[in-house]
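All remarks here apply to the structure that follows.
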Amino acid sequence: MRVEKKSITKIGVAAATLIGGALASSASALSLGGPPAPQPPVGAPIDGLTRTQLDRFSAGKTLYGMPLLIEDGLGPVLNKSNCRSCHSNPDGGPGNILVNHFGAVDKGEFTVLPGGTLLQLVAISSGCEEVLPPEANFTTNRITPGMLGYGLVEAIADADILANEDPDDADSDGVSGRAHWVTTFGTDDPGELRVGRFGWKSIVANVVTFSGDAALNEMGLTNQIFGEETAPNGDLDRLALCDDIADPEDHPDRAGFTFIDRVTHFQRYLAPPPQAPRSGMYGEEVFNDLGCNACHTSSFTTGTLTTDGLPLESALQNKVVNPYSDFLLHDMGLLGDGLPQGDASGNEFRTTPLMGVARRLSMLHDGRVSSGSIEDRLHQAISLHGPFGEGATAAAAYSDATKDDQYALFQFLRSLGRTDFDQDDDDAITLQDFEALLGCSEIDVVITPDDPCGISDINQDGLIDLTDLDSFLLAYEGVNGDCDGNGVTDLEEIFLGATDEDGNGIPDECVACPGDFNDNGVVDGGDLGLMLVAWGTCTGCPEDLNGDGNVNGADLGLMLVAWGECP
């Protein structure tokens, strides 16, 4: 892993200083309450939750992936038996499963047919299935949107979303977004109109309504929000034959919480996808210059009340959230799907939030963009915003942009969903990311957010120093011991100059007896047996004494040199 660095006295990290070099004391950061906290990884809870709230998050996550049973109220028609099947990247995130909508269109007028517009694909027994009615001459598909960070989105005040409205395009920029006013459910004051923000057409204003609607329409579970069962194709006689569970089917548990309550806790407390580097990329300037930010508003600050007027949990109050969406409806021209919902026309869609876009395998409402690299998918999705509709100007500007600017735009969009320090982009902070951090610490030029090392410069001060290391160790998922017992951890020792030629995260000076794999103080036949078991490709295993990723004759030679009692 390592080339040698200049020797540095082994002292506490908070006091360590290399005058004029890349290392700087982290004492100032620690005196202010510690190093900058890494952003929660994808799928983690938001910071600042109480122990009770964390317990509710965990309980909700368990139920999120647990299939409902027929005796629990599943069906009679449904798409899936649990939330995770659709919201799968990660739990609570977006998915790639398509759901089908249908209706009848005559001379431009859309008619909802009996049973609603959603075609449930599965039934709990034969004869209960929904079918596409013969009079249905319109169909469209939708993929599953995510809920990551949507407790914070719910906490955005209506007035802040309305501030971006321009229904008459008063500034003549071709963008005329408008709010979708919808009815709230499941509150102390149901029936009140609020600004919608969830769903492809902003048809839902709060998380509990989203939970109740999905439970009924996707799983057939009647609940305290929506208590009337969906009849197959609207046929009440068939419903009576297929469903004998009394409504509502969702009942409180011993703690007084229903299934809807539980999954709402989980979804409300989900952290937004991280963004690394957090700011300053040139690609965001390109994003704004092209006019993407006319709809994809970068940030909001949450208020103190939910959309239904209830007090917010302190962890959700006055927090900056970066959704890259205005949550308004826009005429998308040819990109519209033709399905009206509420006050939203067939051509209108809510601005899709871009937070986490780097992780999406399928893009656009119907998942039509799903192949190629992330750059390929982003190129297709942006290009399809034209030639008509409110995204056309930005799409044309993108088409005219230089290749360098397009590349910078892609790199910025790839940061939306990227975890701090995750240099290999595998959603895990491991020794490989530490090696990258170490290499970045040796760079003697100012690091910018556009540099590959920018993802490791958590405080964005232009260098990788002990403050960044302290933050990295908060996110590190591996073992970080103290092999010599001097109070400085092994990774800190290596960062401060100790060599680690075999790349195992332990300073070489601590390996007093290479080959003693069973730690009995002797290199003997027992250790030879362990080496033979590991023979071959074996990245990161202790038997790979020279750290080349293979256990072979070279490692056996090193073992034979150390044969016998350890010094």
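Values for this structure:
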{"item": "Test: residue in region 133-143 that is in contact with a Pro (Cβ under 9 Å, 6 or more places away or on another chain) and modelled with pLDDT under 95", "result": "no"}
{"item": "Among residues of region 539-559, those that are without any contact (Cβ under 8 Å) to a residue 40 or more places away in the chain and outside any loop (DSSP other than H, G, I, E, B), counted", "result": "7"}
{"item": "Conditions (1) surrounded by 15 or more Cβ atoms within 10 Å (Cβ to Cβ); (2) in the same structural domain as N552 (by TED's automatic domain parsing); number of the one not met by D484", "result": "(2)"}
{"item": "Candidate set: region 514-532, residues that are without any contact (Cβ under 8 Å) to a residue 24 or more places away in the chain and of a type outside the set (D, E); chosen: the one surrounded by the fewest Cβ atoms within 10 Å (Cβ to Cβ)", "result": "G525"}
{"item": "Residue check for S371: surrounded by fewer than 21 Cβ atoms within 10 Å (Cβ to Cβ), of a type in the set (S, T, Y) and either touching a Lys or Arg at 6+ places or on another chain (Cβ under 6 Å) or in a loop (DSSP other than H, G, I, E, B) (or both)", "result": "yes"}
{"item": "Test for R142: is it basic (K, R), under 25 Å from E218 (Cβ atoms) and surrounded by fewer than 21 Cβ atoms within 10 Å (Cβ to Cβ)", "result": "yes"}
{"item": "D444 being under 19 Å from the mean Cα position of the chain (by Cα), surrounded by fewer than 21 Cβ atoms within 10 Å (Cβ to Cβ) and not assigned by TED's automatic domain parsing to the domain that holds F349", "result": "no"}
{"item": "Total residues in region 447-481, condition surrounded by 19 or more Cβ atoms within 10 Å (Cβ to Cβ), touching a Leu at 6+ places or on another chain (Cβ under 6 Å) and closer than 26 Å to C541 by Cβ", "result": "1"}
{"item": "Exclusive hit being assigned to a loop (DSSP other than H, G, I, E, B), aliphatic (A, V, I, L, M) and assigned by TED's automatic domain parsing to the domain that holds I70, set I260, I245", "result": "I245"}
{"item": "Subset of region 487-500 (residues that are surrounded by 15 or more Cβ atoms within 10 Å (Cβ to Cβ) and either free of Cβ contacts under 8 Å to residues at least 40 places away in the same chain or assigned to a loop (DSSP other than H, G, I, E, B) (or both))", "result": "V488, T489, D490, L496, G497, A498, T499, D500"}
{"item": "Unmet requirement for S211, which otherwise passes all of (1) surrounded by 21 or more Cβ atoms within 10 Å (Cβ to Cβ); (2) among the hydroxyl-bearing types (S, T, Y); (3) in a loop (DSSP other than H, G, I, E, B)", "result": "(3)"}
{"item": "Among residues of region 447-467, those that are assigned to a helix (DSSP H, G or I) and within 23 Å of the chain's Cα centre (by Cα), counted", "result": "5"}
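Residue-wise test of (1) at negative phi; (2) aromatic (F, W, Y); (3) outside any loop (DSSP other than H, G, I, E, B).
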{"residue": "R418", "(1), (2), (3)": "yes, no, no"}
{"residue": "D424", "(1), (2), (3)": "yes, no, no"}
{"residue": "C440", "(1), (2), (3)": "yes, no, yes"}
{"residue": "I443", "(1), (2), (3)": "yes, no, no"}
{"residue": "D470", "(1), (2), (3)": "yes, no, yes"}
{"residue": "D484", "(1), (2), (3)": "yes, no, no"}
{"residue": "I506", "(1), (2), (3)": "yes, no, no"}
{"residue": "G515", "(1), (2), (3)": "no, no, no"}
{"residue": "D519", "(1), (2), (3)": "no, no, no"}
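The values are calculated or read from the model by the stated rules, or taken from the named source; none is laboratory data. Worth saying up front: this structure is predicted, and the values here are computed from it rather than measured. Please note: Cβ atoms are built from the backbone with ideal geometry, for glycine as well, and neighbour counts cover all protein chains shown.
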